[in-house]
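Have a look at the structure below, then the notes.
The values are calculated or read from the model by the stated rules, or taken from the named source; none is laboratory data. Since the structure is predicted, the reported quantities are computational estimates derived from the model, not experimental observations. Ideal geometry is used to build each Cβ from the backbone, glycine not excepted, and the neighbour counts take in all protein chains shown.
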Amino acid sequence: MNKNVYLSILFTVLLLLFLSTSCTPSKDDLDTTATQIAEEIYTNQTTDVPTNTQNPSDTSVPTDTLVPTPEPTATTKASPTLTLTEILTPTLSTAPTLSSYQYFDLINQSHIQYLDADFEGAIDTYSEILSYSFQDEDKKTVYALRAEAYDAIGDHKAALEDYLVAYELGYESAMMINNICLDFALVGEPEKGLPFCDEAVEKYHSKFRKDRRGIAYALLGNYDAAVEDFQDVVDSLENATGVYANSIFRSRMEWLEALNEGENPFKTELLEELKQQNYLFIAESHIVHENHHAAINLLSKAIEQDPNEINLYHLRGIAYTKIYEPGLAIEDFDMVIESGEKSADIFFIRGTQYGLNGDHDKAITDFDQAISIDPEHGDAYYRRGLAYHSLADYEQAIEDFDKAIEIFPDYADAYRDRGVTLTMDNEFERAVTDFEKAVDLDPEDALSYHYLGWVNMQEQKYDSSIELFSKAIELDPNLIDSLLYRAISYGMMGELENVLNDCDTIIEKVPDYAYAYYLRGSVYSDMNDFQKAISDIENALSLGLTPDQKKDAEELLKQLEESS
């Protein structure tokens, strides 16, 4: 599966290769392309050559084996040079054809296994798929997927073999090329991986790609080149936020310090520790690709194996925030903070989750902590302003929004939400100024248009409110409040058909929206369509209205029943 660059690729490192290098090869000595490396491996293979005594109709044994075999011995003799096509193309007598239905059924099965962190099961399913005969266009994807699963269980040699097949078949992925770079180092051949490292860096233009190349350089003893690459990685992370990014930043700084002193930072203990962190890499891949439940499954399994690895809790907490599970996220962030992590960012992210959980007092406490650690944390001021607004402390909320804007003058959300807070004190003129500023800074923000429309509706400027609500709906068709207020504005203009259209849209999107039924029923009443009006008012009452709305609806229903 395609994946882009992730910070967690920085956490997967290498076997004990450094001590085996007796000299430092220069970059010129390694001036080989990745394509040449891959072609060499598959045009210089040796393999057993069994006598074909198999029944031609027997399709039980596939021949598309991909694992390079041992050097010839007394019982094995070299085969003629095999092309990649010959390796990958099974004969009809040994490989059954895979139908589209079977293919997608097996791919779906393997996908579920992978997302459930059942990597061994996924490998078995991918291997079953590859035992069939089907198009190379689909095969390259399966090889790449199986390679990722092998990497997940730490079988980097098998992963490398599959990655190289996928590469030769034309599979394109920045992550895959970077993984080839790493896996060559893991199997003891970093010099062969270096061309792939170069390709990843040059083709995909990301400083994060240089992390693995820096590792390869370090293992080859080329400390100057390693320092240059790691320094670029550190520069990229300097303004990054979060416990995970901070951890990576600190580790790379330690590596740089050792390399600058001419020492090898990759001692046995560090290598073994980093080898075990495949879970971090894969989990962040899931988070980036919004497979949040898969990330949670994977990280939970990792935590069972290593309950003292705090980065696992941090990443799982982030995954919980993505699926709106603030309570569970808070539990994981508690573990991070209790471990001794006291950064502004960890208090900030836990504070946001307290806010989503409705615990605004605790949210404010965490934002206080974040601000005390980093007085220029504009997001913490903004979020604390939201918490104060939720507690109806509008004066303090405005002060925090002011501070956020002082730190970040182009903070569109802060202008918008300060405007909302000003409307609570009926300061509509100042609010409009803030909403207009928010629109100037972020013309794609539907909420700013919505609030401008709301102020115009309060001031009975219905033509303007309809126009502004329409713009908000254009930007966000699911903004139900804009649909509702536009319907009300249409009603004040006497455009009853437009009211009905908007109510229909609301009810289609939110079938249990009681007030939409009440409003539509009122319009049907005005249009003397009493049966439809009665039906809608009864629906509104059954779904639940506010006490005042309920009183009015019951009175209207009584009148309708008398009229009909």
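A few points about this structure:
- Note on the stretch 284-334: residues that are under 12 Å from the mean Cα position of the chain (by Cα), surrounded by fewer than 20 Cβ atoms within 10 Å (Cβ to Cβ) and among the β-branched types (Val, Ile, Thr) total 2.
- All positions within the stretch 361-378 that are of a type in the set (Asp, Glu) and either buried (at least 21 other Cβ atoms within 10 Å of the Cβ) or in contact with a His (Cβ under 6 Å, 6 or more places away or on another chain) (or both): 366
- Extreme residue, farthest from residue 359 (Cα to Cα), among residues of the stretch 382-404 that are among the hydrophobic types (A, V, I, L, M, F, W, C) and buried (at least 21 other Cβ atoms within 10 Å of the Cβ): 404
- Qualifying residue in the stretch 445-460 (condition: part of a helix (DSSP H, G or I) and under 22 Å from residue 540 (Cβ atoms)): yes
- If only residues of the stretch 472-483 that are surrounded by fewer than 19 Cβ atoms within 10 Å (Cβ to Cβ) and part of a helix (DSSP H, G or I) are counted, the one that is farthest from the chain's Cα centre (by Cα) is 481.
- Evaluation of residue 110 against (1) over 30 Å from residue 301 (Cα atoms); (2) at pLDDT 50 or above; (3) surrounded by 14 or more Cβ atoms within 10 Å (Cβ to Cβ); (4) not aliphatic (A, V, I, L, M) (one fails), failing number: (1)
- All conditions in (1) among the acidic types (Asp, Glu); (2) in contact (Cβ under 8 Å) with a residue 60 or more places away in the chain; (3) touching a helix residue (DSSP H, G or I) at 6+ places or on another chain (Cβ under 7 Å) hold for residue 183, with the sole exception of (2).
- If the condition is being under 17 Å from residue 250 (Cβ atoms) and among the hydroxyl-bearing types (Ser, Thr, Tyr), then the stretch 310-348 contributes 339, 343.
- Given (1) under 18 Å from residue 248 (Cα atoms); (2) surrounded by 22 or more Cβ atoms within 10 Å (Cβ to Cβ), number of the condition residue 220 does not satisfy: (1)
- The selection criterion, being crowded, with 21+ Cβ neighbours inside 10 Å, assigned to a helix (DSSP H, G or I) and without any contact (Cβ under 8 Å) to a residue 24 or more places away in the chain, does not hold for residue 507.
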